[in-house]
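Beneath this line is the structure, given in structure tokens, with notes to follow.
The values are calculated or read from the model by the stated rules, or taken from the named source; none is laboratory data. For clarity, every value in this text was computed on a predicted model and none was experimentally measured. Glycine gets a Cβ as well: all are built from the backbone with ideal geometry, and neighbour counts include every protein chain shown. These accessible areas exclude ligands, DNA and RNA; they are computed on the full protein's heavy atoms, side chains included. Shrake-Rupley method; radii C 1.70, N 1.55, O 1.52, S 1.80 Å.
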Amino acid sequence: MHKKFVNHCTIDLTIIPDGPILIKSGKEGADPTKPDMEFVETYHAGGHTIYLPGSSLKGAIRAHAERIVRTVGEEKANSKNLPWANDPLNDKYEYLKNIKSSSEIYKLSSFTDQMFGNTSIASRIRIEDAYPDNSKVVKTEERNGVAIDRVFGSVAVGPFNYQVCTAGEFKTKLHLKNFTLAQLGLIGLVLRDLHDGWFGLGFAKSRGLGTVEIKLNQAVVQYPGCILSEDKKEICAFGTNKKWRNTHLLGVGEFLTKDEANLYSFLSEDRQDSPVAAQEMELGFGVQLTWKEGTVNDLFERSVRSWSQLLGVTK
């Protein structure tokens, strides 16, 4: 399905530290004035700054998505057609060996691998690095710590010092392409749990670091292969007779023929109505629905309905 581009969702969000956080740099510098553990830095907007790497964000989001799927689904393929999440560190992927068909690889992969990728299929999710919002002050400080010997109660390692960020706002975007509504719903649940403090980011999460708040600034769902009808009341797909109401939120299976959808086990009917009316994309080609700040949860609530339906729960 990476050969086509039928739908795309961009979620613009801000990550706000709700206490100290530390994403450690992968190397120690030679400067004796700097802490033993430094926050990762990069050159951005004309100077050096700390930031939250997209790879760190994606790893945390994937890990919690797998927890959710294992909680309500299974840990391996099952006859109940429930979503499942494997252990990507220990899975040898024997069931994917000698399979050449991309659609067959997709069908045999776990629900989370279908979203985040594995050694045989590419990811549908891309997360940008989160850079500081220049309008907000970023505050960092140094803290001291020691490692205590569990047997003797004495200092085992240390003292050592580390750098943490305690204030600021970091802006990033999450992109999801060729998605089902259930997949989008799972992302919404993960972002909800991150905001509620069910999991954290970075170093020493079990010791109080890493909790953040999530502010959803905007979400845009785009259908690049569609146009609006002349009266603007319908979304029309190029090259087919498929049409939908201009308020419909559409999953990937809606844009495919039944045979194409069956190849990947996509639902051919994967839609939810919404209060948002579609508009033309820039340059007048393509269609998009936009949820502005304060309304993004509406998008996730509608997508979670499809996630619930996948689990056999009706609302």
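When only residues in segment 111-131 that are open to solvent by 30 Å² or more (accessible area, probe 1.4 Å) and assigned to a strand (DSSP E or B) count, which is nearest to residue 183 (Cα to Cα)? Looking at the filtered set, the residue picked out is 126. Consider residue 66 carefully, then state whether it is open to solvent by less than 50 Å² (accessible area, probe 1.4 Å) and of a type outside the set (S, T, N, Q). Spelling it out, residue 66 is indeed open to solvent by less than 50 Å² (accessible area, probe 1.4 Å) and of a type outside the set (S, T, N, Q).
Give the residues of segment 170-218 that are among the small types (Gly, Ala, Ser) and within 19 Å of residue 19 (Cβ to Cβ), sorted by residue number. Scanning segment 170-218 gives 197, 200, 202, 204, 206, 208, 210. If you go through segment 266-283 and keep only what is open to solvent by 80 Å² or more (accessible area, probe 1.4 Å), in a loop (DSSP other than H, G, I, E, B) and either in contact with a Phe, Trp or Tyr (Cβ under 8 Å, 6 or more places away or on another chain) or of a type in the set (A, V, I, L, M, F, W, C) (or both), you end up with just 267. Take the conditions (1) within 20 Å of residue 132 (Cβ to Cβ); (2) modelled with pLDDT under 85; (3) open to solvent by 70 Å² or more (accessible area, probe 1.4 Å); residue 43 misses just one of them, which is (2).
Take segment 244-259 and flag every residue that is under 23 Å from residue 288 (Cβ atoms) and among the acidic types (Asp, Glu).
Quick first cut of segment 244-259, residues under 23 Å from residue 288 (Cβ atoms) only: 244-256.
Matches in segment 244-259: 254 only.
Checked against (1) of a type in the set (S, T, N, Q); (2) under 30 Å from residue 170 (Cα atoms); (3) in contact with a helix residue (DSSP H, G or I) (Cβ under 9 Å, 6 or more places away or on another chain); (4) not in a helix (DSSP H, G or I), residue 303 passes all but condition (4).
The single condition among (1) more than 19 Å from residue 186 (Cα to Cα); (2) buried (at least 17 other Cβ atoms within 10 Å of the Cβ); (3) of a type in the set (Val, Ile, Thr) that residue 296 does not satisfy is (1).
Residues of segment 183-211 being touching a Pro at 6+ places or on another chain (Cβ under 8 Å) and over 21 Å from residue 14 (Cβ atoms), which ones? Once the filter is applied, which keeps residues that are touching a Pro at 6+ places or on another chain (Cβ under 8 Å) and over 21 Å from residue 14 (Cβ atoms), segment 183-211 yields only 208. Taken over segment 70-101, the criterion of being touching a Ser or Thr at 6+ places or on another chain (Cβ under 6 Å) and either free of Cβ contacts under 8 Å to residues at least 12 places away in the same chain or surrounded by 20 or more Cβ atoms within 10 Å (Cβ to Cβ) (or both) is satisfied by 84, 85, 86.
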